[in-house]
Amino acid sequence: MSIKSKTSDLKRRMRDALKGGGTLAIEKQKATGKLTARERIIALLDPKSFHEYDLFVEHAAKDFDMDKKYLPGDGVITGTGNITGHPVCIYAQDFTVAGGSLGHMHAKKITKIMDHAMKLKVPLIGINDSGGARIQEGVNSLAGYGEIFYRNTRASGVIPQISVILGPCAGGAVYSPALTDFVFVVDKISKMFITGPEVIKTVLGEEISMEELGGARVHAEITGNAHFFAESEQECFDQIKKLVGFIPWNNVKKADAFPKKNPKSRKFKIDDIIPSDPKQPYDVRDVIRAIVDDSEFFEIQELFAANIVIGFARLEGQTVGFVANQPMVQAGVLDVDSSDKAARFIRYCDAFNIPLCTLVDLPGYLPGIEQEHAGVIRHGAKILYAYSEATVPKITLIMRKAYGGGYIAMCSHHLRADFVFAWPTAEIAVMGPEGAANIIFRKEIMQADNPEEVRKQKINEYKKKFANPYVAAAFGYIDAVIEPVETRHFLSHALQISADKSEVTPDKKHGIPPF
Ligand code: HXC
């Protein structure tokens with residue numbers, strides 16, 4: 001055979017493989033509003049950057065007439081490419097081929113690209129659209145998932161792992177995304193659950209639709225399994241591109257530095273954001289926008305546990321992870337979900353050399369039977385653990401309330417913040433003045449001729465003594481009391497001088513966080 005005929009044979013083979021599940025299956029995919037696996041990769045990666053591997057991999061299954069079936073690429077596309085110039089390894093399950101189900105060779109393709117990602121130390125992106133374990137391949141399918149979960153765990157904290165759910169992701173298959181760093185979902189397209197509506201109906205007699213059980217909104221708002229929610233696949237790809245711009249490729253690199261930009265000071269003025277009444281709420285995201293470059297804040301898990309805000313922004317061109325109480329939602333209290341949300345993000349930033357800025361304004365941990373029984377002790381401990389363990393630069397700003405356990409938990413000096421700043425509006429105390437006065441002056445209030453008058457007096461007395469930053473400053477728990485307008489300047493300087501921070505940690509295999 002001449003080179004020419006061998007080349008045309010290659011082209012023919014490629015054409016066949018690139019047909020995926022064929023015209024009918026592709027039409028069915030499109031009718032549900034979904035792109036095909038290959039279209040998704042093309043839409044996400046930089047133009048012409050995708051290089052596909054293992055196109056000619058075929059399954060070797062024989063049972064249930066599988067030996068008569070040709071499954072192009074065995075239902076998954078794998079390769080490498082770039083996102084805004086950053087190298088990535090990627091796989092996308094092709095639902096048009098046997099429902100994207102995961103058989104032995106399908107799993108081998110995925111684990112091979114995962115191994116590449118680890119060797120090359122670049123982010124891994126997995127696009128999930130699959131009916132789960134390929135039923136005809138039995139235990140080999142289960143083994144394939146096990147191999148993926150193992151690699152997800154080994155890669156955790158070494159390379160960023162991003163899961164995109166663009167179709168069904170059911171059964172044990174959901175545990176790969178759950179082990180990764182960021183999960184993206186798209187409205188009406190993503191479905192994640194351990195057992196579907198049919199099984200639930202059979203076992204428990206409960207009826208629920210797939211959307212209500214494990215649709216995108218459910219995971220973005222209620223379970224917290226998803227970090228980013230989008231209305232369309234294109235919006236989802238734009239979110240991924242943005243995220244990749246903020247994070248480093250691996251755990252020995254730092255995130256790319258960008259040109260410095262001032263905040264949009266006409267739109268976001270700190271003095272206009274914070275109300276003079278300390279009980280009035282405000283949107284802490286506007287404070288972040290007033291501080292950071294170009295006022296650009298990329299929020300993560302925006303719809304889940306909104307009483308705490310997490311996300312990335314840049315200060316003087318450098319990526320910073322922000323953790324901030326949100327006074328607009330439940331006064332910014334810490335509870336089970338907000339502690340989980342913040343703790344995981346803190347650990348991500350620490351693993352990937354991203355400095356942390358913590359903005360504090362909270363009345364403490366949320367009291368109540370529901371929270372106690374939901375395990376607020378164990379979940380609340382996660383945030384203490386995550387901050388104490390983190391060795392990246394940690395800068396804290398106390399804006400208003402920092403009461404009780406909330407003061408300690410939100411990256412106080414005691415958990416080894418490198419710098420703690422406070423505005424003159426900060427109030428640092430064991431609890432709010434009203435609660436405190438009622439307890440410590442109870443007898444005097446009760447015995448007074450005019451208890452209400454005395455209560456007010458005692459509250460004011462307590463406020464004068466403790467509802468300010470100066471007692472904490474006198475003990476050195478605060479490094480500087482600063483004017484709000486000086487915030488960007490102080491935070492930027494603190495980050496700049498902490499750039500080469502190093503800390504010796506105790507010799508151990510690993511800690512045992514309160515998972
Ligand atoms: C083999 C599968 C498959 C599977 C779908 N297909 N799931 N083939 N194994 N798990 C095939 C179908 O036979 C069909 O093939 C094609 O994919 C498209 O599927 P449809 O059912 O026509 O599509 P749709 O109506 O959109 O429904 C999608 C679906 C449904 C909801 C995902 O296919 C479904 O319920 N599949 C089974 C889901 C499941 O229970 N999986 C096992 C989970 S347990 P043809 O040839 O007709 O086009 C699990 C354990 C993992 O994953 C444990 C890890 C620890």
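Things to note:
- Search result, residues across region 460-515 that are aromatic (Phe, Trp, Tyr), over 30 Å from ALA374 (Cβ atoms) and under 32 Å from the mean Cα position of the chain (by Cα): TYR477, PHE490
- The residue that is farthest from the ligand (Cβ to nearest atom), among those in region 73-104 that are in a helix (DSSP H, G or I) and either at positive phi or surrounded by 22 or more Cβ atoms within 10 Å (Cβ to Cβ) (or both), is GLY73.
- Note on region 29-39: among residues that are surrounded by 14 or more Cβ atoms within 10 Å (Cβ to Cβ) and not in a loop (DSSP other than H, G, I, E, B), the one that is nearest to the ligand (Cβ to nearest atom) is GLN29.
- Any chance PHE64 is within 16 Å of the ligand (Cβ to nearest atom), outside any loop (DSSP other than H, G, I, E, B), over 22 Å from ILE247 (Cα atoms) and within 23 Å of the chain's Cα centre (by Cα): no
- Restricting region 47-67 to residues that are more than 14 Å from LEU18 (Cα to Cα) and of a type outside the set (A, V, I, L, M, F, W, C), the residue that is surrounded by the most Cβ atoms within 10 Å (Cβ to Cβ): HIS59
- Any chance VAL139 is more than 13 Å from the ligand (Cβ to nearest atom) and either β-branched (Val, Ile, Thr) or surrounded by fewer than 21 Cβ atoms within 10 Å (Cβ to Cβ) (or both): no
- Scanning region 40-57 for residues that are touching a helix residue (DSSP H, G or I) at 6+ places or on another chain (Cβ under 9 Å) and assigned to a helix (DSSP H, G or I) gives ARG40, ALA43, LEU44.
- Candidates VAL203, VAL158, VAL174, VAL164 - the one that is assigned to a strand (DSSP E or B), more than 8 Å from the ligand (Cβ to nearest atom) and out of contact with any Gly (no Cβ under 6 Å at 6 or more places or on another chain): VAL164
- Condition met for ILE300 (of a type in the set (A, V, I, L, M, F, W, C), touching a residue at least 60 places away in the same chain (Cβ under 8 Å) and touching a Ser or Thr at 6+ places or on another chain (Cβ under 6 Å)): no
- Every condition in (1) under 20 Å from the mean Cα position of the chain (by Cα); (2) surrounded by fewer than 23 Cβ atoms within 10 Å (Cβ to Cβ); (3) away from the ligand (no atom under 16 Å from the Cβ) holds for ARG151 except the one numbered (3).
- Where helices (runs of 4 or more DSSP H) sit wholly within region 352-438, those with at least 1 residues that are crowded, with 19+ Cβ neighbours inside 10 Å and in contact (Cβ under 8 Å) with a residue 40 or more places away in the chain occupy 376-389, 404-409.
- Residues that are within 7 Å of the ligand (Cβ to nearest atom) and over 19 Å from ALA92 (Cα atoms) within region 114-136 comprise ILE135, GLN136, listed in sequence order.
- Scanning region 177-200 for residues that are part of a strand (DSSP E or B), surrounded by fewer than 24 Cβ atoms within 10 Å (Cβ to Cβ) and away from the ligand (no atom under 13 Å from the Cβ) yields a single hit, PHE182.
- Considering region 477-515, and only residues there that are out of contact with any Leu (no Cβ under 6 Å at 6 or more places or on another chain) and among the small types (Gly, Ala, Ser), the residue that is farthest from ASP340 (Cα to Cα) turns out to be ALA480.
- For the residues ASP271, ASP277, the requirement of being modelled with pLDDT under 95 and outside any loop (DSSP other than H, G, I, E, B) singles out ASP271.
- When restricted to residues that are in a helix (DSSP H, G or I), under 24 Å from LEU397 (Cβ atoms) and at pLDDT 90 or above, region 439-486 contains 8.
The values are calculated or read from the model by the stated rules, or taken from the named source; none is laboratory data. Quantities reported herein were computed from a predicted structural model and do not represent experimental measurements. With ideal geometry, Cβ positions are generated from the backbone for all residues, glycine too; neighbour counts draw on all protein chains shown.
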